[in-house]
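The values are calculated or read from the model by the stated rules, or taken from the named source; none is laboratory data. In this text, all values refer to a predicted model and were calculated from it rather than measured experimentally. Ideal geometry is used to build each Cβ from the backbone, glycine not excepted, and the neighbour counts take in all protein chains shown.
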Amino acid sequence: MRFRFRLLPPALAAVLLTLGGCAHHSQDGSSGNTLRVPMLAAPTTFDPATVEDGTTIDMLQQVFEGLVQWTPDNKIAPALAEKWEVSPDGRTYTFHLRPGVKFQDGHPVGAQDVYYSLRRALDPGLNSSVTNYLEDIVGAKDVEKGTAELKGVKVVDPMTVAITISKPKAYWIYTLTYPTGYIVSQAEAQPNARLTDAEVAQGAGTGPFKLARYDKDARVILAANPDYWGGPPKIAGQERPVVIDAGTRHDLYVRGQLDIVDEQKDALDADLKDARLKDQVKFFPRAATYYIGLNQLKFPPFKDVRVRQALAYATDKKKIQDVVLRNRLDVAQDILPEGIPGYDPKFQGIPYDPTKAKALLAQAGYPGGKGFPTVPIFYRESYPDLDKTVDLLRQMWQQNLGINVEARRTEWGALLAQEHNNALECYHIRWAADYLDPQDYYSILLTTHGGENHTGYSNPKYDALCAQADVSQNPKARMALYRQAARIAADEVPMIPLYYQKDIELVSPAVHDLEDSLMGHLPYKKLTLAR
């Protein structure tokens, strides 16, 4: 998020002119009953089976749904399934679908649609990088290799589907809240091709809002679904302009042309002193951690644990907290954030100790940084907080270790693609929980074959602890195993946790009944506007 204005592409400039010329009217004709909330980047996809970034997920969750959903008190609740049972061995979940639900294209939702959607998400033709959320289902990996049948999903009757997983895993049902578990219309979603915005607009989802229009790289417009099974939304729709520049977003909000925007720390102090804005600043805790990834596959010096430890000891997290975060966010000692089972508030990671950092780097063969190659740090564009954090890291590592750092601000879609291909030597990014369980952090991010392990970290003892914890049916024993794994990872530093996320937003006084959870804002089906 840049606080300096930038030259805007013509399509986006036109959108902003529209917003500026008529603060209370949307292009769908819904006047003041349309929520206006910006997207910080253009949608990376319109297919829930392939999405992996929070900006796009926030938009798609308005349009699509799965069998279960999160509630404001961070619990799992029925969605397209009205109830379910779990077999005594913990491996088979039998879901009974909610009667009378229809896709937005008018087709009824049945058990066959569940089978189709889950199998389609695994189809190798989609080349999805997030199939790991479904790989516990029996036969899932076979489908990824080209097998026709998804053996672990059985249509019991037209409104009942049974899903069998390979091993009992207490967290498994949570994975169905990730978009790979969303149910899509067979009439719109092809079996081996990604959904386009045009197909989504035809009515591929079941959610409270329907895609009405997409102006490429400029704006998404959603319209209320009057036939939504939970009752039509209270607002007529949503207008989501793509506004990359943070200063532009803030300016549009102050001028009354947006209803909810992210608040950057540079503006926070002034807004809290502004009589008109101070009560509009809201704080939302999130299950998310910002960290520095150290990719051993791409940057050979990172293969030496002493090098990784030296970088950690040379990192003054408290200074980042003070200077960049204005003491509004908490320093991260572990990758697991508060609010997720297994979080230990007493856990301590590697402390700031420049003397020890220098000694470790010298032991690794780089005294005073001599001979150490320049470290590129990649990070997402449009976030001033990230700019400042990377600049502080550059100063710390240069001063404390004598190594050079090169900041690489990167477009969001490109950053995700490069991370997925393990092409980033060093990167500043966040991991936001896909579900509220430590498995989504320790196993997914750091086991040797974890679906989101992009650091090349591999430790057999760590893997074994996570493997035991993943399948344990004893909650206390399970958390103890993860805590042992956490200690290993903290000491071996495949990544440097920096701070835990807390969303700070400006929310218009016109916005009411905004539902929120640790996972983020929930779909706006109950939200109202009083302009």
Might you let me know whether region 148-157 holds any residue that is basic (Lys, Arg), out of contact with any Leu (no Cβ under 8 Å at 6 or more places or on another chain) and at negative phi?
yes
Does any residue in region 116-142 that is more than 18 Å from Thr177 (Cα to Cα) come within less than 7 Å, Cβ to Cβ, of a residue that is acidic (Asp, Glu) six or more places away or on a different chain, and which pairs are these?
Pro124/Glu144; Gly139/Glu149; Lys141/Glu135
Would you please name the residue that is farthest from the chain's Cα centre (by Cα), looking only at residues in region 169-204 that are of a type in the set (D, E, K, R) and in a loop (DSSP other than H, G, I, E, B)?
Glu188
Hey, any hits in region 446-457 for a residue that's under 18 Å from the mean Cα position of the chain (by Cα), under 16 Å from Lys169 (Cβ atoms) and at pLDDT below 95?
yes
Region 407-419 residues that are at pLDDT 95 or above, paired with ones that are assigned to a helix (DSSP H, G or I) and not polar (S, T, N, Q) (beta carbon under 6 Å, 6 or more apart):
Ala407/Val390
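Given Thr389, Thr374, which one is under 26 Å from His250 (Cβ atoms), β-branched (Val, Ile, Thr) and at pLDDT 95 or above? Explain how you work it out, then say what you get.
Details: Thr374 fails: under 26 Å from His250 (Cβ atoms).
Result: Thr389 is the single residue among Thr389, Thr374 that is under 26 Å from His250 (Cβ atoms), β-branched (Val, Ile, Thr) and at pLDDT 95 or above.
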For region 57-92, how many residues meet the condition of being under 18 Å from Glu239 (Cα atoms) and out of contact with any helix residue (DSSP H, G or I) (no Cβ under 9 Å at 6 or more places or on another chain)?
3
If Ser166 meets every condition in (1) more than 20 Å from the chain's Cα centre (by Cα); (2) more than 29 Å from Arg478 (Cα to Cα); (3) assigned by TED's automatic domain parsing to the domain that holds Val101 apart from one, which number is that one?
(2)
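Which residue out of Pro285, Pro301, Pro233 is within 20 Å of the chain's Cα centre (by Cα) and touching a residue at least 60 places away in the same chain (Cβ under 8 Å)?
On the way: Pro301 fails: within 20 Å of the chain's Cα centre (by Cα); Pro233 fails: within 20 Å of the chain's Cα centre (by Cα).
From the options Pro285, Pro301, Pro233, the qualifying one is Pro285.
Tell me, yes or no, whether region 128-143 has at least one residue that is more than 27 Å from His420 (Cβ to Cβ) and either in a strand (DSSP E or B) or not assigned by TED's automatic domain parsing to the domain that holds Pro208 (or both). Break it down into steps so the answer makes sense when it comes.
So in region 128-143, the residues more than 27 Å from His420 (Cβ to Cβ) come out as none.
No.
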Would you confirm, using the coordinates I've provided, whether Ile320 is crowded, with 21+ Cβ neighbours inside 10 Å, touching a residue at least 40 places away in the same chain (Cβ under 8 Å), among the β-branched types (Val, Ile, Thr) and under 19 Å from Tyr435 (Cβ atoms)?
no
Quick one: which strands (runs of 3 or more DSSP E) lie wholly within region 27-83 and hold at least 3 residues that are among the basic types (Lys, Arg)?
none
Would you confirm whether any residue within region 99-119 is buried (at least 22 other Cβ atoms within 10 Å of the Cβ) and part of a strand (DSSP E or B)?
no
